[in-house]
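Read through the structure below, which is laid out as structure tokens, and then see the notes.
Bear in mind that the values in this text are calculations on the coordinates, not laboratory data. From a predicted model like this one, the values you see are computed outputs, not experimental measurements. Cβ placement follows ideal geometry from the backbone for every residue including glycine, while neighbour counts extend to all protein chains displayed.
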Amino acid sequence: MQLSVGVEYAFHSLFYMIDLPTGTTVGIRQLAGLHDITESYLSKIFSKLRKAGIVRSVSGVKGGYELARPADEVTFWDVVEAVEGASFFFQCAEIRQKNIFEDGSSVFSSKCPCLIKVVMQEAEEAFRDKLRARSLGWLHAQVQGGFSEGKRQAMAAWMRSL
């Protein structure tokens, strides 16, 4: 399983939005410049984040994006699901039903669940649960605690410039 780079772009961009003062927004151009990534791709990611209710877009001269809900209420899974979609990563095509040994009453039939699918979905659900247990607020607390005072001041100055 491999998640797209869009998930990473989303997390790193959202991280810098957590401390935005109330009423302050940040534009795609500023976020893309901060990370040296393309504006067009980041814009597509933010469109997905907006549709998922993670960010809200604000129009006008000082328009841009802001978090739509508190960072403690946005889980890692919320972000992954917004960017990658809600479907299971493993897609069972039920090829076992076309097996040459299938006779309609065997363990290959649709009457019995495909154990491969069951195990894969259980594993994925455990993965999702782990991501649901961590929030942007948790990430912020963990990472920002290791920042030097100089880095904190530089971040604050960047936010004031928005």
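Relative contact order (percent) for the stretch 22-85, with alpha-carbon contacts under 8 angstrom and 6 or more residues of separation?
Details: 61 pairs, mean separation 21.9, N = 64.
Relative CO of the stretch 22-85 lands at 34 percent.
Given just the C-alpha atoms of the stretch 1-46, how large is their convex hull per residue in cubic angstrom?
74
Roughly how compact is the chain, stated as its Cα Rg over 2.2 N^0.38 Å to two decimals? Spell out each step's value before the answer.
Numbers: Rg = 21.0 Å, N = 162, 2.2 N^0.38 = 15.2 Å.
Against the empirical 2.2 N^0.38 Å value, I get 1.38 for the chain.
Answer with one residue from Ala141, Gly60, Phe89: the one whose Cα lies farthest towards the positive end of the charge dipole of the chain, charges on Cβ with Lys, Arg +1 and Asp, Glu -1.
Gly60
I'd like the GluC sites (Glu not before Pro) in the stretch 1-109 restricted to DSSP loop residues with at most 13 other Cβ atoms within 10 Å, sorted by number.
Passing sites in the stretch 1-109 are Glu94.
Compute the length gained on full extension between Val58 and Ser148: take 0.36 nm times their separation in residues and subtract their Cα-Cα distance, giving the result in nm to one decimal.
Extra length available between Val58 and Ser148 comes to 29.2 nm.
What full-extension length gain, to one decimal in nm, is calculated for Cys112 and Ala157 as 0.36 nm per residue of separation minus the Cα-Cα distance?
Result: 10.1 nm gained on full extension.
Could you give the longest part of the chain that holds none of the chymotrypsin sites (Phe, Trp or Tyr not before Pro) found in DSSP loops with at most 15 neighbouring Cβ atoms within 10 Å?
It runs 1-87.
With springs only between Cα atoms under 10 Å, which of Asp36, Asp19, Asp78 fluctuates most in a Gaussian network model of the chain?
Asp36
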